[in-house]
């Protein structure tokens with residue numbers, strides 16, 4: 001029987017509409033060498049399992065250069081991100097079971113790369129890496145150009161149950177007292193632990209042990225990032241110990257500091273790494289894209305400069321069920337509209353909360369103050385600026401700190417820094433707290449500066465000073481029932 005032209009078209013369309021059988025999953029490839037891992041990391045649609053064991057990465061021939069195109073932006077010519085790397089996960093839709101795998105990286109390789117180095121780079125999309133441990137061996141710092149142990153620039157990836165232990169930066173041992181960026185008093189050779197610049201990435205169960213001057217988990221131009229069940233830890237050092245040095249970077253500049261009062265002073269405890277979970281406003285690696293939409297759930301940061309410093313992001317920023325311990329600058333900060341809920345932290349060395357942006361608006365904050373006390377208490381328990389925030393600070397049922405440190409409206413550490421670096425900046429330029437509601441269920445006192453106006457404060461603690469305008473204190477707050 002001869003089919004008409006129309007019948008042939010309908011028959012072909014029916015074939016196209018028939019459901020296709022599900023694709024068979026790729027067979028799992030078992031490997032047992034770094035060379036094999038590097039090879040399979042560049043492939044798409046693979047399933048790889050690496051035999052557990054310790055693998056030493058000390059071969060400079062593993063170094064490769066990579067160029068990643070910037071995301072396309074309307075009206076902009078797309079550029080590219082150029083970097084060196086040791087392992088490059090460039091494939092898409094792949095999975096890597098690295099449970100029990102420990103890669104030990106000889107830090108001498110830091111000096112083998114000229115320019116930026118991402119020791120492990122994930123530029124592929126929709127890939128899962130599970131169970132990897134990476135340890136630095138040695139303390140060799142990098143060249144200029146920046147160094148990251150793990151950088152996720154691809155989209156839709158899941159990094160699960162990885163452990164990162166970094167070593168090798170210069171200087172190390174002074175935190176940011178000798179400055180950072182353009183304000184550094186000595187040359188900087190930093191190493192961050194985990195950098196995220198891609199979209200829709202998930203960091204689950206990561207453990208980051210930082211022994212470098214750099215950030216723990218940091219976002220630059222990242223969009224829609226989930227960070228869950230992660231732990232970041234640095235180490236602390238007292239300025240008393242620094243001032244005993246008879247040589248070294250701090251001694252070479254006469255113990256000057258880029259922070260007020262302009263010199264390293266005794267009696268402080270300083271984190272030697274940067275922030276635990278940090279957001280920058282944008283990322284040059286992805287063409288200057290803005291950092292947006294961050295969700296942090298059930299994470300802990302210990303002994304880092306700041307616990308959760310997310311104020312530079314925009315969009316939906318939420319921190320839930322997390323803990324900041326032993327921060328030396330601040331425990332928490334979020335941008336306008338940011339949410340901190342069911343979170344805890346101490347004020348052992350620094351304020352639990354810092355809302356330093358006078359233009360920040362409408363944050364919703366629920367924090368519990370851990371009752372830890374020590375020999376290096378901060379000047380402030382919390383620093384509050386901005387407009388329209390709703391804040392609750394509760395005591396830990398186990399007890400409150402023995403030192404009384406004030407919750408301060410209309411001032412902040414960063415306002416102190418701005419006025420120190422530029423004396424022409426006034427308090428009105430750098431601070432301001434308006435229309436903020438605070439429920440202070442702790443016994444910590446309050447101080448309201450001249451730029452605090454129209455705030456409503458319910459407090460158990462005493463109001464030591466109110467230099468502002470039209471602030472109200474309607475009732476005494478009782479601790480919430482357990």
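Residue 99 satisfies every condition listed in (1) surrounded by 17 or more Cβ atoms within 10 Å (Cβ to Cβ); (2) part of a loop (DSSP other than H, G, I, E, B); (3) in contact with a strand residue (DSSP E or B) (Cβ under 8 Å, 6 or more places away or on another chain); (4) at pLDDT 95 or above except (1). The residue list 264, 227 contains one member that is buried (at least 18 other Cβ atoms within 10 Å of the Cβ) and farther than 23 Å from residue 194 by Cβ, which is 264.
The selection criterion, being more than 16 Å from the chain's Cα centre (by Cα) and touching a residue at least 24 places away in the same chain (Cβ under 8 Å), holds for residue 252.
Considered as a group, the residues in the stretch 388-402 that are touching a residue at least 40 places away in the same chain (Cβ under 8 Å) and in a loop (DSSP other than H, G, I, E, B) include one that is farthest from residue 267 (Cα to Cα), and that residue is 388.
Could you tell me whether residue 270 is under 22 Å from residue 331 (Cβ atoms), in contact (Cβ under 8 Å) with a residue 24 or more places away in the chain and either outside any strand (DSSP E or B) or under 14 Å from the mean Cα position of the chain (by Cα) (or both)? In short, no.
Kindly evaluate residue 110 against the criterion of being outside any loop (DSSP other than H, G, I, E, B), farther than 17 Å from residue 169 by Cα, touching a strand residue (DSSP E or B) at 6+ places or on another chain (Cβ under 7 Å) and modelled with pLDDT of 95 or more. Taking the combined requirement at face value, the residue does not satisfy it. None of 347, 398 is modelled with pLDDT under 95, closer than 22 Å to residue 299 by Cβ and either touching a strand residue (DSSP E or B) at 6+ places or on another chain (Cβ under 7 Å) or surrounded by fewer than 16 Cβ atoms within 10 Å (Cβ to Cβ) (or both) except 398. Number of residues in the stretch 113-155 that are surrounded by fewer than 23 Cβ atoms within 10 Å (Cβ to Cβ), more than 19 Å from the chain's Cα centre (by Cα) and either under 18 Å from residue 199 (Cβ atoms) or without any contact (Cβ under 8 Å) to a residue 12 or more places away in the chain (or both) equals 3.
Residues checked against (1) under 20 Å from the mean Cα position of the chain (by Cα); (2) free of Cβ contacts under 8 Å to residues at least 40 places away in the same chain:
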position	(1), (2)
329	yes, no
356	yes, no
368	no, yes
378	no, yes
386	no, no
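Against the criterion of being surrounded by fewer than 22 Cβ atoms within 10 Å (Cβ to Cβ) and either modelled with pLDDT under 95 or closer than 19 Å to residue 304 by Cβ (or both), residue 175 does not qualify.
Table: residues versus (1) assigned to a loop (DSSP other than H, G, I, E, B); (2) more than 18 Å from residue 328 (Cβ to Cβ).
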{"residue": "182", "(1), (2)": "no, yes"}
{"residue": "208", "(1), (2)": "no, no"}
{"residue": "214", "(1), (2)": "yes, no"}
{"residue": "226", "(1), (2)": "no, yes"}
{"residue": "237", "(1), (2)": "no, no"}
{"residue": "246", "(1), (2)": "yes, yes"}
{"residue": "250", "(1), (2)": "no, no"}
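Restricting the first member to the stretch 41-69 and to residues that are at positive phi and surrounded by fewer than 16 Cβ atoms within 10 Å (Cβ to Cβ), and the second to residues that are part of a strand (DSSP E or B) and modelled with pLDDT of 95 or more, the beta-carbon pairs closer than 8 Å and six or more apart or on different chains are 53/101; 53/102. None of 328, 238 is in contact with a strand residue (DSSP E or B) (Cβ under 7 Å, 6 or more places away or on another chain), under 17 Å from residue 172 (Cβ atoms) and surrounded by 24 or more Cβ atoms within 10 Å (Cβ to Cβ) except 328. Determine whether residue 315 is part of a loop (DSSP other than H, G, I, E, B), surrounded by fewer than 18 Cβ atoms within 10 Å (Cβ to Cβ) and in contact with a strand residue (DSSP E or B) (Cβ under 8 Å, 6 or more places away or on another chain). So residue 315 fails the test. Annotation: of all residues in the stretch 433-459 being free of Cβ contacts under 8 Å to residues at least 40 places away in the same chain and surrounded by fewer than 17 Cβ atoms within 10 Å (Cβ to Cβ), the one that is farthest from residue 369 (Cα to Cα) is 454.
The values are calculated or read from the model by the stated rules, or taken from the named source; none is laboratory data. Quick caveat, the model's predicted, so the values are computed rather than measured. All Cβ positions, even for glycine, are placed from backbone atoms using ideal geometry, and neighbour counts span all protein chains on display.
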